[in-house]
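Take a look at the structure below.
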Amino acid sequence: MSATETPQEHWEGRYAEKPQMWSGRVNAHLATVAGGLTPGRALDLGCGEGADAIWLAAEGWRVVAVDIATNALDRARSAAEARGVADRIDFQHHDLSHSFPVGSFDLVSAQFLHSTVYLERRQILQQAAAAVAPGGTLLIVDHGEAPPWASKHVHDHRFQSADEVVAELGLPDESWHPQHVGTLERETIGPTGESAVLRDNLIVLRRTP
Ligand SMILES: C[S@@+](CC[C@H](N)C(=O)[O-])C[C@H]1O[C@@H](n2cnc3c(N)ncnc32)[C@H](O)[C@@H]1O
């Protein structure tokens, strides 16, 4: 990031590098966790090209999907239209460090909401928890370590543990029940077709009804 580049310019630039950045498939942990819930209102933070929002909508959820990059949101909208679920997804442009969608949700999902540029992650995840409706679920999936194909810059980064992320949320024990807080391994295929095992931090917290 240059000294004058904003986070939005950074992410718009990243997405402009190639016509498709992500796999187009739903994130595995989201599918597992949301697959066990009754569809309702969902919020997807940092939705990228929309694969998770589209999967949720196809499963019957009404979704608000948010990203800082307008070009990613354009791709997500087109993909949702192609899948026939655009009417179930409200794509919103926010820099989550400065604005957050209005409403309360039965599922709030933050999948790999990491950034190598300025991001008020702690504050955003606290707002994410506050946006969970009674009886709802907060789902955070983070990298537990850098994927093998990531840049040296990313490898040098120390990723927070799941316990550290939960501690920073500062949630009262009496109104939140941890369903899962820890690391899981996942087999995947990398950007050039290589197989790899990734370590993800999975946080699933249920708010009391
Ligand atoms: C590592 S990508 C993950 C994308 C998607 N959730 C996935 O799992 O494929 C992080 C996403 O967060 C978005 N993002 C980064 N900073 C943001 C901010 N301040 N506000 C909103 N979105 C942001 C990026 O544009 C990008 O789409």
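The values are calculated or read from the model by the stated rules, or taken from the named source; none is laboratory data. This one's a predicted model, so the numbers in the text were calculated from it and none came from an experiment. Here the Cβ is made from the backbone with ideal geometry for all residues, glycine too, and neighbour counts use every protein chain on show.
What to note about this one:
- Picking from residues in segment 15-40 that are part of a loop (DSSP other than H, G, I, E, B) and within 12 Å of the ligand (Cβ to nearest atom), the one that is farthest from the chain's Cα centre (by Cα) is 20.
- Restricting attention to segment 41-87, the residues that are assigned to a helix (DSSP H, G or I) and aromatic (Phe, Trp, Tyr) add up to 1.
Yes or no, residue by residue, for (1) buried (at least 22 other Cβ atoms within 10 Å of the Cβ); (2) modelled with pLDDT of 95 or more; (3) more than 10 Å from the ligand (Cβ to nearest atom); (4) at positive phi:
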position: 86; (1), (2), (3), (4): no, yes, yes, no
position: 104; (1), (2), (3), (4): no, yes, yes, no
position: 124; (1), (2), (3), (4): no, yes, no, no
position: 149; (1), (2), (3), (4): no, no, yes, no
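- Selection within segment 109-153: residues that are out of contact with any helix residue (DSSP H, G or I) (no Cβ under 7 Å at 6 or more places or on another chain) and among the charged types (D, E, K, R). The member of this set that is nearest to residue 192 (Cα to Cα) is 152.
- For segment 191-208, the condition of being within 20 Å of residue 28 (Cβ to Cβ), free of Cβ contacts under 8 Å to residues at least 60 places away in the same chain and of a type in the set (Lys, Arg) holds for at least one residue.
- Residue in segment 88-106 that is of a type in the set (A, V, I, L, M) and free of Cβ contacts under 8 Å to residues at least 40 places away in the same chain present: yes
- Residue in segment 4-14 that is assigned to a loop (DSSP other than H, G, I, E, B), within 17 Å of the chain's Cα centre (by Cα), farther than 21 Å from residue 201 by Cα and among the acidic types (Asp, Glu) present: no
- Boolean, residue 166 is more than 9 Å from the ligand (Cβ to nearest atom), touching a residue at least 24 places away in the same chain (Cβ under 8 Å) and either among the polar types (S, T, N, Q) or in contact with a Pro (Cβ under 9 Å, 6 or more places away or on another chain) (or both): yes
- Of 209, 101, 147, 178, all but one fail to be in a loop (DSSP other than H, G, I, E, B), more than 27 Å from residue 9 (Cα to Cα), touching a strand residue (DSSP E or B) at 6+ places or on another chain (Cβ under 9 Å) and of a type outside the set (Ser, Thr, Tyr); the exception is 209.
- Sub-6 Å Cβ pairs linking a first residue in segment 51-80 that is on the phi < 0 side of the Ramachandran plot and surrounded by fewer than 24 Cβ atoms within 10 Å (Cβ to Cβ) to a second residue that is part of a strand (DSSP E or B) and of a type in the set (Lys, Arg), at least 6 apart or interchain, are 62/41, ordered by first then second residue.
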